[in-house]
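The values are calculated or read from the model by the stated rules, or taken from the named source; none is laboratory data. None of these values were measured; they are calculated from a predicted model. With ideal geometry, Cβ positions are generated from the backbone for all residues, glycine too; neighbour counts draw on all protein chains shown.
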Amino acid sequence: MRRRNDYRVVLCASALLLAGCSMPAPHVPVLENPRGGRTFYLSPDGSDKDDGRTPQTAWRTLRRADAVRLKPGDRLLLKGGARFPGTLSIGPGDAGNARKPVVIDSYGDGRAVITAVGTRGIEVYNTSGIVIRNLVLAGDATSYRSQDGIGFVSDLPGQRKLPYVRVTGVDVSGFRNGIRLHGGRAGSGFRDVVIDDCAVHGNKDAGLVSDGPAFDTQAPVYAHEQMTVSKVMAFKNDGDPKAGDHNTGSGIVLGSVRHAVVEGSDAHDNGALSDPNAMEGPEGIWTYDSTRVVFQRNVAYSNHTGSQADGGGFGLDNNVSYSLMQYNLSYGNDGAGFLAYSAVPNKAHKDNAIRYNISEDNARKLQDYGGIVALGTRVSNLAIYQNTVLARANGTARAPALRLQPNLGAVSVRNNVFVTDGSPVVSVQGTFDTTEVEMQGNDYHSPKGLSLQWGQSLYSDLAAWRGETGQEMQGSRATGTGADPCLAEVPLPANGPDLRGSGPMRGALASQCAQALAGAAVDLRTVSVDPGPVDYVGAPLSGSPGLGAVQVATRT
């Protein structure tokens, strides 16, 4: 290519006086990567016979780029707006590091599109120090059935964690999983992972998923560590109508993770085609076999299930410990708004908290769930506090604001607002003494009169329930109330956290009758519970808060 350009310049120079030919602008080579690596270019107008080192000498195919061993600091840039059929494979011989990562990116205008034909879009195998950004990956029907859009895979021996993974500004659709991190049998995986500002949609099993080895209660091993998921939009990942043996159709699923945050993300309209015979179903955002995971400032809405299981907004599932769901909004889901669940007979589901969340009109399909639900085998040391739950009937589906089922231990429920439009405000299967479940400082309201289902008994009087169960007492002081909190949706502050995501404009449910609730709450500090720094809308807290997720009536 350079030889042809030089020849053209000579011809033009010779003909200047005769034909008025204008000299082309001199070619200025693109500077090398300032980090010290090489830069390679791909363009549909390029040639695989060229060197790929400038836009003018770009390669044409992903196959040619795949033949290069990438080194720390190298960049592979695909022409923005162009489509590139095929796949990229980054293997053990290709590696960067945190200071000099290997970067896969677009150049020019727009994002380049990788169209996978029966393959992954990008696979990173047993290596790391990788940045993938500003790309669109689209799979075909075969990729939808069996391949991952972007797959990070480790099957290294032992518990080795491959450091530094960044995925930003990508759009992934048409695969079995949009983005997947898969760990080895012994617990190898990835560390220092950031997935930011991405869209994962129209995939079959899940939008974003991580997984690892089977959980060992006696010696837990987690494949992935220090993971941050932010501003990820996971939607219309419909599920597999022929997969009855496992869950499909979730938005964001973190499995086998230690220390992770999911924040500022949306999961909506997932799971609609999941198998109607499946014993377990999808959720909007959930985690399992993990520890020290935080879900905060996310929105999950209009998530579905094809079966009679799950279909909720947020979940802490099997073998989750020391984890937290806070400042999230869940509404209009088929199943629970917020779920703490364990199906395995061990003591690994422990020391979790659900606080400062809003659940509105969940369990739209499955009334055996509710706004907040704790159920399963040996869920222990679970703190549920400062949430606001509004549960209104959807035809014949009439779910409670709070549902508790047997095998709970040391579960506390404090300072929440629970409201329904007629069904039991609280539904408890079996009975619990206060060492198993302790309820203090909550508001239980229905415009049709108080209704508390406690085992085989149905209470319409708060005082009678206190007297017979010992609930809603702090020492000799009676706590809680049945007063109308006058819930109303109020605008979020312009400079506050974005808790609405891409869904419809939703205000925060706040009590407009705070005076009626005064004196019902418990001081969380007196029961060794951390009140937290701010409420749902980001208002700083001083002292112990009153009832509900929002501590102010209006925000401007």
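For Pro400, only one of the following conditions fails: (1) in a loop (DSSP other than H, G, I, E, B); (2) modelled with pLDDT of 95 or more; (3) within 23 Å of the chain's Cα centre (by Cα). What is its number?
Pro400 satisfies all of (1) in a loop (DSSP other than H, G, I, E, B); (2) modelled with pLDDT of 95 or more; (3) within 23 Å of the chain's Cα centre (by Cα) except (3).
Out of all the residues in the stretch 407-458, which are without any contact (Cβ under 8 Å) to a residue 40 or more places away in the chain, over 21 Å from Ala521 (Cβ atoms), hydroxyl-bearing (Ser, Thr, Tyr) and not in a loop (DSSP other than H, G, I, E, B)?
The one that is without any contact (Cβ under 8 Å) to a residue 40 or more places away in the chain, over 21 Å from Ala521 (Cβ atoms), hydroxyl-bearing (Ser, Thr, Tyr) and not in a loop (DSSP other than H, G, I, E, B): Ser457.
Here is a list of conditions, (1) assigned to a loop (DSSP other than H, G, I, E, B); (2) touching a Pro at 6+ places or on another chain (Cβ under 8 Å); (3) at pLDDT 95 or above, and Asp48 meets all of them except one; can you say which number that is?
Only one criterion is unmet by Asp48, namely (2).
Within the stretch 379-389, can one find any residue that is at pLDDT below 95 and outside any strand (DSSP E or B)?
no
Consider Met1 against the criteria (1) of a type outside the set (Gly, Ala, Ser); (2) at pLDDT below 95; (3) within 30 Å of Tyr125 (Cα to Cα): it satisfies all of them except one. Which criterion is unmet?
In the conditions (1) of a type outside the set (Gly, Ala, Ser); (2) at pLDDT below 95; (3) within 30 Å of Tyr125 (Cα to Cα), Met1 misses (3) alone.
Select the strands (runs of 3 or more DSSP E) contained entirely in the stretch 124-171, then report the ones holding at least 1 residues which are modelled with pLDDT of 95 or more and within 18 Å of Asp74 (Cα to Cα).
130-133, 135-139, 161-168
Residues to consider are Leu366, Leu382; find the one that is within 30 Å of Arg525 (Cβ to Cβ) and surrounded by 17 or more Cβ atoms within 10 Å (Cβ to Cβ).
Among Leu366, Leu382, only Leu382 is within 30 Å of Arg525 (Cβ to Cβ) and surrounded by 17 or more Cβ atoms within 10 Å (Cβ to Cβ).
Go through (1) over 19 Å from Met233 (Cβ atoms); (2) surrounded by fewer than 24 Cβ atoms within 10 Å (Cβ to Cβ); (3) touching a residue at least 60 places away in the same chain (Cβ under 8 Å) one by one and return the number of the condition Thr305 breaks.
(2)
If we keep just the residues of the stretch 176-196 that are of a type outside the set (A, V, I, L, M, F, W, C) and assigned to a loop (DSSP other than H, G, I, E, B), which is farthest from Pro157 (Cα to Cα)?
Only one residue fits best here, namely Arg176.
Considering only the stretch 319-336, state which residues are of a type in the set (Gly, Ala, Ser) and buried (at least 24 other Cβ atoms within 10 Å of the Cβ).
Those that are of a type in the set (Gly, Ala, Ser) and buried (at least 24 other Cβ atoms within 10 Å of the Cβ): Ser330, Gly335, Ala336.
Using the structure shown, decide if Phe215 is farther than 19 Å from Val103 by Cα and either at pLDDT 95 or above or in a loop (DSSP other than H, G, I, E, B) (or both).
Criteria met by Phe215.
How many residues are closer than 17 Å to Val165 by Cα and either outside any strand (DSSP E or B) or polar (S, T, N, Q) (or both) if we restrict to the stretch 223-255?
The number of residues fulfilling the criteria is 4.
Does the stretch 266-281 contain any residue that is in contact (Cβ under 8 Å) with a residue 40 or more places away in the chain, within 13 Å of Gly249 (Cα to Cα) and in contact with an Asp or Glu (Cβ under 6 Å, 6 or more places away or on another chain)?
Yes, there is a match, as at least one residue in the stretch 266-281 is in contact (Cβ under 8 Å) with a residue 40 or more places away in the chain, within 13 Å of Gly249 (Cα to Cα) and in contact with an Asp or Glu (Cβ under 6 Å, 6 or more places away or on another chain).
Only one of Gly73, Gly118, Gly96 is outside any strand (DSSP E or B), within 29 Å of the chain's Cα centre (by Cα) and either within 19 Å of Thr168 (Cβ to Cβ) or of a type in the set (D, E, K, R) (or both). Can you tell me which?
Gly96
Taking only the stretch 251-284 into account, find how many residues are within 22 Å of Ser307 (Cα to Cα) and either of a type in the set (Val, Ile, Thr) or over 14 Å from the mean Cα position of the chain (by Cα) (or both).
The total comes to 13.
Out of the residues in the stretch 178-225 that are among the charged types (D, E, K, R) and in contact with a Ser or Thr (Cβ under 9 Å, 6 or more places away or on another chain), state the one that is surrounded by the fewest Cβ atoms within 10 Å (Cβ to Cβ).
If we take residues in the stretch 178-225 being among the charged types (D, E, K, R) and in contact with a Ser or Thr (Cβ under 9 Å, 6 or more places away or on another chain), then Asp197 is surrounded by the fewest Cβ atoms within 10 Å (Cβ to Cβ).
Could you list, in sequence order, all residues of the stretch 315-350 that are aromatic (Phe, Trp, Tyr) and touching a residue at least 40 places away in the same chain (Cβ under 8 Å)?
Tyr327, Tyr331, Phe338, listed by residue number.
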